[in-house]
Amino acid sequence: MTAISVHVPGANELDTHAEALARIMAETVQDGAAIGFMQPFSLADGLDFFRDQVFPEVRAGRRRLLLAELDGAAAGSVQLITALPPNQPHRCEVAKMMVAPAARRKGIGAALMGALDAEARAAGKSLITLDTRTGDKAEPLYLSSGFLTAGVIPGFALDPDGRALHATTYMYKSL
């Protein structure tokens, strides 16, 4: 039986998880995930992203990083952006939901989404928003986690391989 755990690394723990997070991101992007990056995407690219963009935001309290482990090994992560414009103090955004390709279909995504709800509530938020590639593998996960579709924007972003534009579905969830 596999054991899944999700935790929010403290500011002093972030660097110890950098390589594992970068590896998951590199594998996920190379596997075709539309999380804002283009292929090829390397471990070094992932390290730069986490160290230069994510970790400073986490340390400043503007973003929360959730890390999922499967049998003690890093297997997925998601981010919750909590610092939004002054007229949106009740809202937060989901970013960079990823599960390592080898760890998919084992409940990690559902565990991350459940923990994300708890983090949003702890931050005093009552509305969570996200966007996902229309028809993506993650869309059913979001729907089963209680998100509703707000709308679809055609031709929103390039696929990671750069060959075509894809539509994006905006979703929301009230807590």
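The values are calculated or read from the model by the stated rules, or taken from the named source; none is laboratory data. Model, not experiment: these values are computed from the prediction. Heads up, the Cβs are rebuilt from the backbone with ideal geometry, glycines too, and the neighbour counts pull from every protein chain shown. Only protein heavy atoms, including side chains, enter the accessible area calculation; ligands, DNA and RNA are left aside. Shrake-Rupley method; radii C 1.70, N 1.55, O 1.52, S 1.80 Å.
Excluding ligands, DNA and RNA, the accessible surface per residue across the chain is 49 Å² with a 1.4 Å probe. Annotation note: GluC sites (Glu not before Pro) in the range 13-103 located in DSSP loop regions with a Cβ neighbour count of at most 14 within 10 Å are GLU13. A 1.4 Å probe, protein heavy atoms only, puts the accessible area of ASP48 near 90 Å². In the list (i) 15.8, 51; (ii) 17.6, 55; (iii) 15.4, 46, the label attached to Rg and Dmax of the Cα atoms in Å as derived from the coordinates here is (iii). Protein heavy-atom surface of the range 108-147, 1.4 angstrom probe: 55% of the accessible area is carbon and sulfur, with nucleic acids and ligands not counted.
Applying 1/(1 + (r/R0)^6) with r as the Cβ-Cβ distance of ALA73 and LYS137 and R0 = 30 angstrom yields a FRET efficiency of 0.90. Heavy-atom surface analysis with a 1.4 Å probe gives the range 65-105 a carbon and sulfur content of 53 percent of its accessible area.
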